[in-house]
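Quick notes on the structure that follows.
Derivation of every value follows stated rules applied to the coordinates shown; laboratory data play no part. A quick note: this is a predicted structure, and the numbers were derived from the prediction, not measured. No Cβ is skipped: glycine too gets one built from the backbone with ideal geometry, and neighbour counts run over all protein chains shown.
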Amino acid sequence: MDGDLTDEAVYELTRRRMLRLTAGAGLGLGIGSALATGARPAAADNGSGIVKPLPPELFIPRGTNAEMRWEAMRGQGHLTPADRFFVRNHVATPIIDARTWRLKLWGDGLHRSPTEDRPVEFTYEDLLGMRAESLTAFIECTGNGRSLYTSQQGQQVSGTPWGLGAVGVAHWRGVRLATVLERAGLTRRAVDLLPRGLDADFVDKGENLGRVRRPLPVAKALKDVLLAYEMNGRPLPPDHGYPVRLVVPSWVGIASIKWLGDIQVSQQPLYSPWNTRYYRLFGPDQPPEGSAPLTRMNVKSAFELPWDAALAADRTHVLHGRSWSGNGRVRHVAVSVDGGASWQRARTRGPHHARDWVRWELPWRPRAAGRHELLARAVDETGAAQPDVAPYNTLGYLFGAVARHPVTVS
Ligand SMILES: Nc1nc2c(c(=O)[nH]1)N[C@H]1C(S)=C(S)[C@@H](COP(=O)(O)O)O[C@H]1N2
Ligand SMILES: [Mo]
């Protein structure tokens, strides 16, 4: 379709569609009825269930998901613009009316133990009226780089075969989850939260697993989690969680629940398929129930180049890339243009913060025509460096090995 639609235009289209849907639903539609779930599927044009345009120069379609092409970051600033930010959807993007939306908190970890039927509620306006905080943070899918288990290590894994484009950095603005939990009456006995999305039930091979929900320890929630209503200075786009999503910095992307509807607050540890059967490491080196639930993302790097980029020989190219880590700041990045035989320190520029990526560059003047492999290896502040081989796990999570990026020089 139209790859040139601005964010504003997409917004306007979405707003109109939202009004149409609300009008079409008739007058009987009270807060207690159909809107209790708050959501209805968006009539997406591209068959993916994603609302925004997915022009082929920015995205690689992957079923209900869309991967950002890394070359689309070339010439961009520090942040990933919303028009090219990857989308990871279990089901279609729901269109939610912020006027009737409520955030509901309930459970025995709150004073007076409000029930799911009679929760503590916050409106969108309530959140907008509270003290705002902002944060620049990456969101990265745990399976980012999964296809490299196969292409680089010859291993079979299951799940969406992402390249390295299931990551993006945005400037998020909203209210600290800690603030809302306190207002809702968080007790000192609460240990776990269960934030749940308003998108439709997720059905996996015929089995209905219910709505997307992933337990979050209270300790992390109180530390740095945001209830975000803005992305890069604009209201969240529908595909990224409008009206409100969690941003759980440095952690596996699944923690950052979009289209947030309710949060159970519990004195007991909580479980859902998203911390038991998914988002743990399974495989020969793991116990049968898998590893502990995954939390922080690992160290990674990517070049702002197409996979199999074509480069002219005997000209100086400046190789650009970005590195990030869930452990903290990236300390330095080394690049190899000879398949790993020799390494040079890349020059970093711009912000260099935890929860965020760092940009780097290195000039390269290729002489020999033919196929080359470009490698980048980042080391973070904890001393964690990207290994040569990523530890195999059947679901292909956390591919953090140095990627061998193919380019052809002619
Ligand atoms: N409600 C809901 N939240 C969700 C998901 C989802 O499908 N439904 N996907 C999760 C996963 S697996 C990831 S990686 C991130 C992706 O966020 P993005 O689509 O804004 O890039 O959202 C997370 N939050
Ligand atoms: Mo994900």
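A few notes on this one:
- Burial ordering of 90, 171, fewest other beta-carbon atoms within 10 Å first: 171, 90
- The chain, helix-only ellipticity at 222 nm - DSSP H runs n ≥ 4, -39,500 (n - 2.57), divided by all residues, nearest 500: -3000 deg cm²/dmol
- Largest-first principal axis extents of the Cα set of the chain (Å): 70, 48, 43
- Sequence-distant lysines (8 or more away, or on other chains) whose Cα lies within less than 27 Å of residue 220: 104, 258, 300
- Sequence-separation-based contact order of region 300-409, relative, with Cα cut under 8 Å and 6+ spacing, percent: 35 percent
- Label-point separation in nm, residue 208 to residue 123, each point 7 Å along Cα→Cβ: 3.2 nm
- The separation of region 250-282 from region 380-400, counted between C-alpha centres, amounts to 22 Å.
- Summarising the overall dimensions of region 267-364 from its C-alpha atoms, the Rg and Dmax are 18.9, 65 angstrom.
- Note, ³J(HN,Hα) from phi for region 390-404, Karplus 6.51, -1.76, 1.60, rounded to Hz, x at Gly and Pro: 8, x, 4, 8, 4, 8, x, 8, 6, 6, x, 5, 4, 7, 9
- Gained length - residue 100 relative to residue 223, 0.36 nm times residue gap less alpha-carbon distance: 41.4 nm
- Given 15 as the ceiling on other Cβ atoms within 10 Å, longest exposed-site-free region of the chain for trypsin sites (Lys or Arg not before Pro) in DSSP loops: 1-73
- Fewest-first ranking of 372, 352, using other Cβ atoms within 10 Å as the exposure measure: 352, 372
- Reciprocal mean inverse distance between Cα atoms of region 305-410 - Kirkwood radius, Å: 14.6 Å
- Longest site-free stretch - the chain; sites: GluC sites (Glu not before Pro), DSSP loop, at most 16 other Cβ within 10 Å: 117-288
- Length added when fully stretched, residue 371-residue 182, from 0.36 nm per residue minus Cα-Cα: 62.3 nm
- The chain: relative contact order as a whole-number percent, Cα under 8 Å and 6+ apart: 16 percent
- Here the residues 68, 130, ranked from fewest to most Cβ neighbours within 10 Å of their Cβ, fall in the order 130, 68.
- In order along region 144-153, the phi-based Karplus estimate (6.51 cos²θ - 1.76 cosθ + 1.60, θ = phi - 60°) of 3J(HN,Hα) comes to 4, x, 3, 5, 6, 4, 7, 6, 9, 10 Hz; Gly and Pro are listed as x.
- Here r is the Cβ-Cβ distance between residue 134 and residue 404 and R0 is 41 Å; the resulting FRET efficiency, rounded to 0.05, is 0.65.
- Spin-label pair residue 153/residue 349, simplified geometry with 7 Å Cα→Cβ offset, distance in nm: 3.4 nm
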